[in-house]
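Below is one structure; the comments refer to it alone.
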Amino acid sequence: MEIKQNRSKPLHLQAEEMLRRLIEEKEYKEGKLLPSEIDMSKQLNISRNTLRQAINKLVMEGLLIRKKGVGTKVAKRGIAGGIKNWLSFSQEMKMLGIEIRNFELHLCFKRATEEIANFFEIPPTQTDNTRCLVMERVRGKKEYPFVYFISYFNPQIGMTGDEDFNKPLYEMLEAQYGIVVKTSKEEISARLAGDFIAEKLEISAEDPILIRKRFVYDTEGMPVEYNIGYYRADSFTYTIEAER
């Protein structure tokens, strides 16, 4: 394991690449704990903060599991399907012939949580003074809402909150900021709605919902959007097409 200090690529990205190679080794796939942060940072001659930034990225992607007082190890991988192409919500609905209505739209600036700050690669020293533009939106058919979205946007983009969010989001980002989104990494889970989401989606608190987390990157690999969508289970089907 070696980090080259004089390379143009940032140290945390070099550390991330090294970790990706490391966790593919058989011993770590079988459950062996990774070396401690202290040991790895000394071996690589980088700071613990730089190494932790790389580790946090892989934890966010579900590749590593970190337990306080125990250590970090490779996550066991379940069966997963790959998606060749992905679309914005507006594009998905257009393809299905569904006319979308906005029931609520709220914009504000918030401090990022630790997870979101790690995703946007905000240095720990800047977290307290950095705010992300956050968009909350309830959308659905004209008859009823079926999804509640929360989107955090990378503060490096420089969004002001005055953007026209009635336009398709990714078209707007490209037109106003020259950002072309390319990659979406997603997580799907399920739970009961609970009181807050039930009120947003006009369902019972005991009704099931599907949760889709979407991590969006541009063509250069810069994280653009951290999005969570809460869907009525009776109105959302997630289809995966995989080829062998």
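Descriptive notes on the structure:
- Since only P208, I150, L33 are under comparison, the one whose Cα sits farthest along the positive direction of the charge dipole of the chain, derived from C-beta charges on Lys, Arg, Asp and Glu, is L33.
- Going from the residue with the fewest nearby Cβ atoms within 10 Å to the one with the most, S90, S41, S8 rank S8, S90, S41.
- CD proxy at 222 nm, helix term only [per DSSP H run n ≥ 4: -39500 (n - 2.57); per residue of the chain; nearest 500]: -7500 deg cm²/dmol
- Stretch gain in nm, segment T237-A75, where the contour uses 0.36 nm per residue and the Cα spacing is subtracted: 55.7 nm
- Partners for K26 among lysines (Cα-Cα distance below 19 Å; same-chain residues under 8 apart left out): K73, K76
- When +1 charges are put on Lys and Arg Cβ atoms and -1 charges on Asp and Glu Cβ atoms, the dipole computed for the chain relative to its Cα centre reaches about 860 debye.
- Cα-based reach from K9 at 19 Å (exclusive), listing aspartates and glutamates while leaving out same-chain residues under 8 positions away: E17, E121, D218, E220
- Ellipsoid equivalent to the chain - semi-axes via the Cα gyration tensor, in Å: 34, 22, 17
- Using a cutoff of 8 angstrom between alpha carbon atoms and counting only pairs six or more residues apart, the relative contact order for region 89-235 works out to 22 percent.
- Within the shell of other residues whose beta carbon sits under 12 angstrom from the beta carbon of V59, the net charge comes to +1, with Lys and Arg scored +1 and Asp and Glu -1.
- Applying 1/(1 + (r/R0)^6) with R0 = 25 Å to the Cβ-Cβ distance of K167 and K142 gives a FRET efficiency near 0.80.
- The count of lysine pairs in region 89-235 with alpha-carbon distances below 24 Å, taking only pairs 8 or more places apart or on different chains, stands at 23.
- Considering only L22, G140, Y226, the residue lying farthest towards the positive end of the dipole of the chain is L22, judged by Cα position with unit charges set on Cβ.
- Other residues within the sphere of radius under 14 Å centred on the Cβ of E220, judged by their own Cβ, net out at -1 (K and R +1, D and E -1).
- The magnitude of the dipole of region 176-219, with charges of +1 and -1 set on the Cβ of Lys/Arg and Asp/Glu and taken from the Cα centre, is near 360 debye.
The numbers here are math on the coordinates, done by the rules we state, and not lab data. Note that the coordinates shown come from a computational prediction; the quantities given were computed from them, not determined experimentally. Neighbour counts run over all protein chains shown; Cβ positions are idealised from the backbone, glycine included.
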